[in-house]
Amino acid sequence: MSQLCLPLPLQEPRSGVERSIRRRPRPEPPIQGHQQLVFAFPYSTEPQQPRMRHRRHRPVHPHAAAHALALAHLDLADKIAGNFARRTTHSFDDLRQLAVIGLLKAAARFDGTGGRSFRPYARTYANGEITHYLRDHGFAIKVPPSWRDLYASGQKLLREGLPPHVVPERLGITAERWREIQEACSISVIALLPDT
């Protein structure tokens, strides 16, 4: 036990007038130089640890490792998106987002057994994600992949300022085939919304 001693002020004896007012006089304590008030506290010899506020720990996300693996290979998504952006009319940023989705899917399914590397595995998923998107949202009718590539290359040549009658010759096809490809690939889908 540890003790804390506090000095108390001296008490002077009460006057006779105050004593007569009271019905029963109390006995007065003897006058001393000082009095002590003692408080006793429990004391342990072990040093006490400072009380820390309870910190709430966030649970680890179940796919945190897969997300970190995918984010470590964003350069692969840039490279794949750049390849598709050069061959199609879609923007690089949209294609990069699709490639990143493919990386995330690949990372979630990759187990690393058998000494396989992640990059070839992820490349397949990223390419597939972009290819599926282009197939499903690129054209209104079924168009052969070779026609899509020729159409994208022709559009790029036209944007660079090449005259339209020179494009088929540059692509190595006839003018009639170029018209067919343009008609097939330039059809767009129009959504008809009901009147509100």
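Between Arg119 and Glu169, the contour length at 0.36 nm per residue exceeds the alpha carbon distance by 14.1 nm. The calculated FRET efficiency for Asp149 paired with Glu176, based on their beta-carbon distance and R0 = 25 Å, is about 0.85. Please state the shape class of the range 72-149: rounded when a/c is under 1.5, otherwise prolate if a/b exceeds b/c and oblate if not, all from the C-alpha gyration tensor. The shape class here is prolate. Here's the picture: charge each Lys and Arg Cβ at +1 and each Asp and Glu Cβ at -1 in the range 63-152, and of Gln97, Pro120, Ala68 the one pushed furthest to the positive end of that dipole is Pro120. Taking every alpha-carbon pair under 8 Å whose residues sit at least 6 apart, the range 60-185 reaches a relative contact order of 22 percent.
In this calculation the C-beta distance from Thr131 to Arg58 is compared with R0 = 45 Å, giving a FRET efficiency of 0.75.
Every number in this text was worked out from the coordinates using simple rules, so none of it is lab data. This is a predicted model, so every value here is computed, not measured. Heads up, the Cβs are rebuilt from the backbone with ideal geometry, glycines too, and the neighbour counts pull from every protein chain shown.
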